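Notes to accompany the following structure.
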Amino acid sequence: MTEIPLLDVRDLTVEFQTRRGIVKAVQHVDLTIAKGETVGIVGESGSGKSVTSYAVMRILDRAGRIADGSVMFTNLDLRNAAEDAMRDLRGREISMIFQNPRAALNPIRKVGRQIEDVLLQHVKAAPSEVTEKAVEILEQVRIARPRERYHAYPFELSGGMCQRVVIALALACQPQLLIADEPTTGLDVTTQKTVMELIVELTRARGMSTILITHDLGLAALYCDKIVVMEKGRVVEAAPSRAVFTAPEHPYTKKLMRATPRPGVSLRDLLPEGEAPTGATIAKLPTAEKAPLLVVEKLIKEYPRKGTQGLAGTLKKLTQQKPAPEPEVFRAVDGISFSVNRGESVGLVGESGCGKSTTSTMVMRLIDKTDGTILFDGEDIGAIPAKKFALLPLRRRIQMVFQDPTDSLNPRFTAARAIADPILRLGDLKGRDAIRARCEELARQVGLPVELLDRFPHQLSGGQKARVGIARAIALKPDLVILDEPTAALDVSVQAVVLNLLQELKDTLGMSYLFVSHDLNVVRLLCDRVIVMRAGKIVEEGATDRVLFSPEAAYTRDLLAAIPHPNFDKVPAAAARMATGS
Amino acid sequence: MTDTTATAPAPKPPSNSILSHARYVVSENLVTGFAFGLFALIALCALIGPYVVPYDPLASDTSASLQAPSLRHWFGTDQLGRDIFSRVVVATRLDFIIALSSVALVFVMGGFAGIAAGYFGGWTDRLVSRLADTIMAFPLFVLAMGIVAALGNTVTNIVIATAIINFPLYVRVARAEANVRRDSGFVMAARLSGNDDFRILLGHILPNIMPIMMVQISLTMGYAILNAAGLSFIGLGVKPPTPEWGIMVAEGATNIISGEWWIALFPGAALMLAVFCFNLLGDGLRDLVDPQRRT
């Protein structure tokens, strides 16, 4: 390459000072980005991909420092640049999009004002015309009615809208390099698609370079020219997207590729070769009996709308001449009916706000329904108030695996104590030794090393915490387990292992699963039947293969199409991106 | 990001013993180490002070009244010839007991009312919060004066008065912390495991807000000592001739003008050191009870 690359990172090593000595988060990383190029950095959590970008921006936290190597931005040495120069550079030449758009925006400042702040900071607009400019930028990121949205606060906008505002902030000063750190994690697939297309289109139009940091190999392959795969602080593979995706060279990349759920593979295929569990030898319990375990009929959950209750609402009603045009309640779940048979797993799929979590918590009997019936094994559990249900023996037959393994474990309980909790409250076992023995048995069942049982959650990895959560859920041998996105917070390779574990447990213990997820690819692997929900209603229901390969509802087709999966066999990457981009 | 590698080999199992953790907390931060040292000194005075002091704190010796600090009387003597050093050391126990019992009382009352308010919300919350607001509406020291004056001049009533004026602080901290955790995953999981509300409050939420409550406890310990001394200073509370820092400062205050500064200075300095110690102790105590610091 004859021309100077825009960003040239050589031999970068970043160290963190911790209580247990120095930790090298990034080691000898080389990275070059040419002008106009889009580079994806892919890796699992702890691979050092975010730290690398923070080092480039020089926004490492206090314990971290660049120990070795050089960071050149065109001709400027970023490693040794003065803080003043860096501050001027950030936002103007290099800008960043963060993972959580809502956290990246100031919650008490109008979004338009926040864009103005950036413009004024870098003297990109005169104070007299700054408002016009901000509105113009909002328009560029395709925010409808930008003049109105200028006055909106971040909490009034949806997640996707907030991310557009963050993109607007990042691009306001026409930087040369954009670093996008997991820009679409936490967004729905359809929103992810529009946001990614927006980023690609805007950066392309301005000839900007982009670093896309992601854990999703498919997403990176679809939108990037080049992919850098990182593992444990080192770059293990760097090649054009097509090469990485179609013919990965490094074993770690192969493992990642394998673990990513995609059409046409089975659950076992996700695991690395040779590590497949003894799935074939497990004697499956007879699942022939098709007796329905859970029957939900015309279930409805309504929430009062803001400002229609209490004193303020009453005052509003009194002062208003006409009755309010909108109904006073919001229907989160709008009359849905479905059933789950014994030994069956049913997927409940939809985007955020579709009511899938409300449905599962109602079935779980943590919140009360507004109307409808929930029959569990012939008994109308919907009629029992949630408060009473917690203390009934029925409680032990319905358990749940939570979405965030960290959040769902009491930080002050050891793993053993967490697993023992349901046994202590609802189980028949008495005596310390018996309970301890049961905990160890459960730990072995979920593949958690027994010596980890005495650790606190923060001393466990994400995968280990997930196993603790699963062990707790199956401790009482429940009939129905509700899985609320149990792998959403996990890395793909860990997800592959956990999904296999769940399948194995189901086969050996004969439980039924209600699997709540937004990820159709994951649902496909684990479920016999799928229910697609949208806005509180069931859009489509049927056998997994039928729904995923020949979907009837347009919405299901949209969901499927939004899953990033580059098709290198038919069209070259650039063409595919152009097609989706414009 | 760097510490959550799923595939990394398990590091050396971290020691979960409280002793090694305490050693780490004390040695990691100089200020914390100093505060714990000072606390040990105060606790020692309270425990064995009355048995080791050179003079009887109540014995007056008019022939040796108003003597300046010397080798015989380290902190000097007062109007009645009592040894001030002995009195300051002996007073530690009483002040310490008043502070400790009032803080224990308010921790139980305010802490429990607070987490109940935060966890249940609704009427419980309204009732507890308005009660706290009502107490806050009074000038707190005047309120304490009123309570002691109305209930009578005893140590028990000082403890009760001090606990009542600290009540709103505990309620607010506990309420806010419990409110945040009310909808967290682990509370929901606890409910699924068949825990009733009482167990969730005491077994799941309370341990999690202990770190922040420890800071509160340590801060109010200092405040409680000041308050008890203040009440005694104005003549409500502990009665003379019982050695107590507040009374001693009050007794010595009139003598400052005539040049006998030591009578008020030494009990005052003891008071200041005790309050200072408790204020510094907060962060250390928090680290001590927080398992997340034990990585």
For this session: Just check the stretch A:61-113 against the gyration tensor rule for me: Cα atoms, a ≥ b ≥ c as the square roots of the eigenvalues, rounded for a/c under 1.5, and otherwise prolate or oblate depending on whether a/b exceeds b/c.
Result: prolate
For this session: Set the Förster radius R0 to 25 Å, insert the Cβ-Cβ distance between A:D368 and A:S158 as r into 1/(1 + (r/R0)^6), and round the FRET efficiency to 0.05.
Result: 0.35
Exercise. Roughly speaking, what is the stretch gain from A:A144 to A:D84, that is 0.36 nm per residue apart minus the C-alpha to C-alpha distance, in nm to one decimal?
Worked result: 17.9 nm
Exercise. Whats the longest run of chain A with zero trypsin sites (Lys or Arg not before Pro) that are DSSP loop and have at most 14 other Cβ atoms within 10 Å?
Worked result: A:110-283
Problem set entry | Euclidean distance between Cα centres, the stretch B:238-271 to the stretch A:17-31, Å | 58
For this session: With label points built 7 Å along Cα→Cβ from the Cα atoms of A:D507 and B:I234, find their separation and express it in nm.
Result: 7.8
Exercise. A:E201 versus A:A554, label points 7 Å from Cα toward the beta carbon: distance in nm?
Worked result: 2.0
For this session: Using only the Cα atoms of chain B, build the gyration tensor, take square roots of its eigenvalues as a ≥ b ≥ c, and label the shape rounded, prolate or oblate: rounded if a/c is under 1.5, else prolate if a/b is larger than b/c, else oblate.
Result: oblate
For this session: From other protein chains only, count the Cβ atoms within 10 Å of every residue's Cβ in A:402-409, then give the mean.
Result: 4
Problem set entry | Inverse mean reciprocal Cα-Cα distance (Kirkwood Rh) of chain A, Å | 26.3
Exercise. Which whole-angstrom value gives the distance between the alpha carbon centres of the stretch B:45-115 and the stretch A:366-380?
Worked result: 66
Seminar exercise, completed: Other residues with Cβ under 11 Å from the Cβ of A:R425 give, with Lys and Arg +1 and Asp and Glu -1, a net charge of +2
Exercise. Going 7 Å from the Cα of A:Y303 toward and past its Cβ, which residues in the stretch A:357-397 have a backbone nitrogen under 12 Å from where you end up?
Worked result: A:357-359
Exercise. If we count other beta carbons within 10 Å of each Cβ, what is the order of A:S209, B:S20, B:S232, A:S158, fewest first?
Worked result: B:S20, A:S158, A:S209, B:S232
For this session: With an 8 Å cut-off on Cα pairs and a minimum separation of 6 or more residues, tell me the relative contact order of the stretch A:442-527 in percent.
Result: 29
For this session: Any chance you could list P(r) for the stretch A:456-548, counting all Cα-Cα pairs in 10 angstrom bins from zero, rounded to whole %?
Result: 14, 46, 31, 8, 1
For this session: Taking the Cα centre of the protein assembly as shown as origin, sum charge times position over the Cβ atoms of Lys and Arg (+1) and Asp and Glu (-1), and report the length of that vector in debye to the nearest 20.
Result: 1040
Problem set entry | Whole-number percent relative contact order across chain B, with pairs defined as alpha carbons under 8 Å at least 6 apart | 23
Exercise. Any idea which of B:V173, B:N195, B:A116 is furthest toward the positive side of the dipole for chain B, if Lys and Arg beta-carbons carry +1 and Asp and Glu beta-carbons -1?
Worked result: B:N195
Exercise. Counting alpha carbon pairs within less than 8 Å and at least 6 residues apart, what relative contact order, in whole percent, applies to chain A?
Worked result: 15
Problem set entry | Calculated FRET efficiency for the pair A:S337/A:I384, C-beta based, R₀ 22 Å, to 0.05 | 0.65
Exercise. Within 10 Å of each Cβ of A:453-462, how many other protein chain Cβ atoms are there on average?
Worked result: 5
Exercise. Going by how many other beta carbons lie within 10 Å of each one, how would you line up A:Y54, A:Y150, B:Y170, fewest first?
Worked result: A:Y150, A:Y54, B:Y170
Problem set entry | Under 10 Å, Cβ to Cβ, from A:S337 - net charge with Lys/Arg +1 and Asp/Glu -1 | -1
Seminar exercise, completed: Per the 1/(1 + (r/R0)^6) rule, R0 = 35 Å and r from the Cβ atoms of B:I257 and B:L47, FRET efficiency to 0.05 is 0.45
Exercise. Does the stretch A:117-192 come out rounded, prolate or oblate, given a ≥ b ≥ c as the square roots of the eigenvalues of its C-alpha gyration tensor, rounded meaning a/c under 1.5 and, failing that, prolate meaning a/b above b/c?
Worked result: oblate
Exercise. In what sequence do A:I59, B:I115, A:I211, A:I336 fall when counting other Cβ within 10 Å, fewest first?
Worked result: A:I59, A:I336, A:I211, B:I115
Seminar exercise, completed: Computed, not fitted: 222 nm per-residue ellipticity of chain A from DSSP H runs ≥ 4 (each -39500 (n - 2.57)), nearest 500, equal to -10500 deg cm²/dmol
Seminar exercise, completed: Which of A:K193/A:K465; A:K35/A:K193; A:K356/A:K387; A:K301/A:K537; A:K24/A:K255 exceed 19 Å between C-alpha atoms? The answer is A:K193/A:K465; A:K35/A:K193; A:K356/A:K387; A:K24/A:K255
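All of the numbers you see were taken from the coordinates with simple rules; none came from a lab. No experiment lies behind these values; they were computed from the predicted model shown. In this analysis, Cβ positions are derived from the backbone assuming ideal geometry, glycine residues included, and neighbour counts consider all displayed protein chains.
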